[in-house]
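What follows is one structure encoded as structure tokens, with my remarks underneath.
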Amino acid sequence: MEARAKATFERIAPRKVKLVLDLIRNKPAEEAMAILKYTPKAACEPLAKLLKSAMANAENNFDMDVSRLYVAECTVSQGPTLKRIRPGDHGRAFRINKKTSHINLVLKEME
């Protein structure tokens with residue numbers, strides 16, 4: 001039995017999210033929440049929200065024990081890129097690519 005949560009079109013680059021996901025992979029859910037709370041990275045805020053959602057899904061939808069949950073899988077993939085133009089000197093235009101992420105989180109109960 002597993003509980004899932006996913007966040008799509010998050011406005012943060014996938015490589016920034018991957019750094020934080022590597023910290024919480026295969027950790028107990030409570031410990032993962034503590035890591036996210038005290039890690040000074042921009043990706044921690046949406047990931048903490050996602051982890052909280054997955055824990056609520058596990059408790060309410062599957063009657064799982066929250067104290068025995070751990071982060072079984074966590075992946076991030078690139079979403080669509082928002083393309084913006086920044087004016088440059090002499091009438092030039094510079095493109096700015098604003099990347100988005102799709103984040104998946106799976107919690108399972110420890111045996």
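Under the rule of -39500 (n - 2.57) per DSSP H run of 4 or more residues, summed and divided by the residues of the chain, what mean residue ellipticity at 222 nm is obtained, to the nearest 500 deg cm²/dmol? That comes out to -11500 deg cm²/dmol. A simple charge model with +1 on the Cβ of Lys and Arg, -1 on the Cβ of Asp and Glu and nothing else charged puts the dipole of the chain at about 1120 debye relative to its Cα centre.
Here's the picture: charge each Lys and Arg Cβ at +1 and each Asp and Glu Cβ at -1 in the chain, and of Ala32, Leu21, Ala42 the one pushed furthest to the positive end of that dipole is Ala42. Using R0 = 22 Å, the C-beta based FRET efficiency linking Gln78 and Ser53 works out to 0.55. Relative to the current alpha-carbon distance between Val106 and Phe9, full extension at 0.36 nm per residue lengthens the span by 33.1 nm.
Computed from label points 7 Å out along Cα-Cβ, the spacing between Arg95 and Lys41 is 2.8 nm. Per-residue packing, averaged as other Cβ atoms within 10 Å, sorts the ranges 21-34, 93-106, 76-89, 41-54 into the order 41-54, 21-34, 93-106, 76-89, beginning with the highest. Computed log10 I(q)/I(0) for the range 2-109 at 0.13, 0.15, 0.22, 0.24 Å⁻¹: -0.50, -0.62, -1.09, -1.23, from the Debye equation with unit scatterers placed on every C-alpha and solvent omitted. For the chain, what relative contact order do you get, as a whole percent, if you take Cα pairs closer than 8 Å and at least 6 residues apart? Value for the chain: 42 percent. For a straight C-alpha distance cut-off of 14 angstrom, the aspartates and glutamates reachable from Lys18 (same-chain residues fewer than eight places away being disregarded) are Glu10, Glu45, Glu73. The angle separating the long axis of helix 44-62 from the principal Cα axis of greatest extent in the chain is about 40 degrees. Holding the Cα-Cα limit at 24 Å, pick out from Lys27/Lys98; Lys52/Lys83; Lys49/Lys83; Lys52/Lys108; Lys52/Lys98; Lys27/Lys99 the pairs that are longer than that. Beyond 24 Å between Cα atoms: Lys27/Lys98; Lys52/Lys83; Lys49/Lys83; Lys52/Lys98; Lys27/Lys99.
Each reported figure results from applying straightforward, stated rules to the coordinates on display, with no laboratory input. Here the structure is a predicted model, which means the values were calculated and not measured. Here Cβ is always computed from backbone atoms with ideal geometry, including for glycine, and neighbour counts include all displayed protein chains.
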